[in-house]
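**Q** Sending over a structure as structure tokens; questions will come in a sec.
The numbers here are math on the coordinates, done by the rules we state, and not lab data. As the structure is a prediction and not an experimental result, all values here were calculated from the model. When we count neighbours, we look across all protein chains shown, and the Cβ atoms used for this are built from the backbone with ideal geometry, even at glycine.
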Amino acid sequence: MNEVKKFFADAFRHLGNNRPVPEIEVRFYPYAGLHHTIRVRSGRVYVRLSDICKGASPDVLRALACVLVARLLGKRIPDVHKRVYQDYSVTSEVMRSSDLARRRRGRKLISSAQGEAYNLEKMFTKLNKRYFDAGLAKATLTWSQRRTRNILGHHDRVYDTITVSKTLDSLEVPEWFVEFILYHEMLHIKHPARLINGRRYYHTSAFRQDERRFPHYSDAQKWLERVARQRRVPRARAA
């Protein structure tokens with residue numbers, strides 16, 4: 001651990017514009033995934049690193065220290081350190097460990113597929129039969145706990161869950177628009193994210209091609225813009 005603290009001290013010296021290096025406390029913590037925090041309290045820096053990184057090489061831990069300190073100080077992350085940590089974070093071993101940690105330590109808030117206006121279970125069955133030849137494995141379906149401003153739907157591959165925003169559970173929202181949001185999330189099951197050059201791509205060309213098969217696709221895009229204007233957000237979307 002002393003070696004890791006030294007990496008953080010070195011990062012402060014390199015990025016801190018000759019400011020004194022603060023006292024630093026570093027701990028590995030059992031987060032639900034590959035997550036890290038760095039905070040300042042009473043002039044002391046507290047760092048919590050995901051325990052997934054316990055077996056990481058010194059080069060990776062040095063890079064992670066620079067990434068976190070740069071974010072804390074509002075500095076540009078040095079490209080070399082950014083690349084080293086990104087390459088590490090997308091290795092199959094680390095991604096498996098992160099998913100496993102989320103399953104074991106995290107929790108997913110599930111309410112009900114039956115809303116006040118629409119039933120997601122019935123809607124899923126209808127869409128599955130129409131667009132996927134009834135061959136798509138059904139995820140756990142739920143309305144969100146709260147109304148959301150811009151994220152209207154989300155597929156969580158770790159928990160195999162599709163969440164649709166409670167904002168859409170209203171007869172004022174056309175049924176076809178709710179179906180479009182659910183259809184978009186169902187496509188994430190058919191088209192899993194692809195890893196290209198260290199980045200995950202969720203909306204591939206094949207995904208977008210299938211998305212445009214939806215009969216109300218153009219109208220749905222207009223509705224997304226309308227929702228964004230009403231909520232004064234840059235763009236309402238399905239994730």
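**Q** Provide, in order from the shortest bin, the percent of all Cα-Cα pairs of the chain in each 10 Å bin, continuing until the bin that contains the maximum pair distance.
**A** That works out to 7, 25, 26, 22, 15, 5, 0, in percent per bin.
**Q** Given the DSSP H assignment, sum -39500 (n - 2.57) over each helix run of at least 4 residues in the chain and divide by its residue total; what's the result at 222 nm in deg cm²/dmol, nearest 500?
**A** -14000 deg cm²/dmol
**Q** How do ILE52, ILE196 rank when sorted from fewest to most other Cβ atoms within 10 Å of their own Cβ?
**A** So the ranking, lowest neighbour count to highest, is ILE196, ILE52.
**Q** Expressed as an acute angle from 0 to 90° and rounded to the nearest 10, what is the orientation of the C-alpha long axis of helix 120-131 relative to the principal long axis of the chain?
**A** 80 degrees
**Q** Using a cut-off of 22 Å between alpha-carbon atoms, which lysines can reach LYS129, once sequence neighbours fewer than 8 places away in the same chain are excluded?
**A** Cα-Cα hits under 22 Å: LYS138, LYS190.
**Q** Mind putting together the pair-distance distribution for the stretch 2-105? All Cα pairs, 10 Å bins, whole percent per bin, short to long.
**A** 15, 49, 30, 6, 0
**Q** Show log10 I(q)/I(0) for the stretch 120-238 at q = 0.20 Å⁻¹, two decimals, from a solvent-free Debye sum over equal Cα scatterers.
**A** Rounded to two decimals, the profile gives -1.21.
**Q** FRET efficiency for GLU121 and ARG147, Cβ-Cβ distance as r, R0 = 25 Å, nearest 0.05? Mind dumping the intermediate values first?
**A** Working: r = 21 Å, r/R0 = 0.84.
Calculated transfer efficiency: 0.75.
**Q** Give, in nm to one decimal, the length gained when the segment between ASP51 and PHE132 is fully stretched (0.36 nm per residue of separation minus the Cα-Cα distance).
**A** So the chain would gain 25.2 nm between ASP51 and PHE132.
**Q** Would you work out the charge dipole size for the chain about its Cα centre, treating the Cβ of every Lys and Arg as +1 and the Cβ of every Asp and Glu as -1, and quote it to the nearest 20 debye?
**A** 680 debye
**Q** So for the stretch 120-238, averaging the separation of alpha carbon pairs under 8 Å that are six or more residues apart and normalising by length, what relative contact order in percent results?
**A** The normalised contact order for the stretch 120-238 reaches 25 percent.
**Q** Can you spot the aspartates and glutamates whose alpha carbon is less than 13 Å from LYS166's alpha carbon? Ignore those fewer than 8 places along the same chain.
**A** Partners found: GLU116.
**Q** If R0 is 30 Å, what FRET efficiency do you get for VAL80 and LEU195 from their C-beta distance, rounded to 0.05?
**A** Computed FRET efficiency for VAL80 and LEU195 comes out at 0.90.
**Q** May I pose another question? Take every DSSP beta bridge whose two residues both sit in the stretch 120-238, then give the antiparallel share in percent to the nearest 5.
**A** About 55 percent, rounded to the nearest 5.
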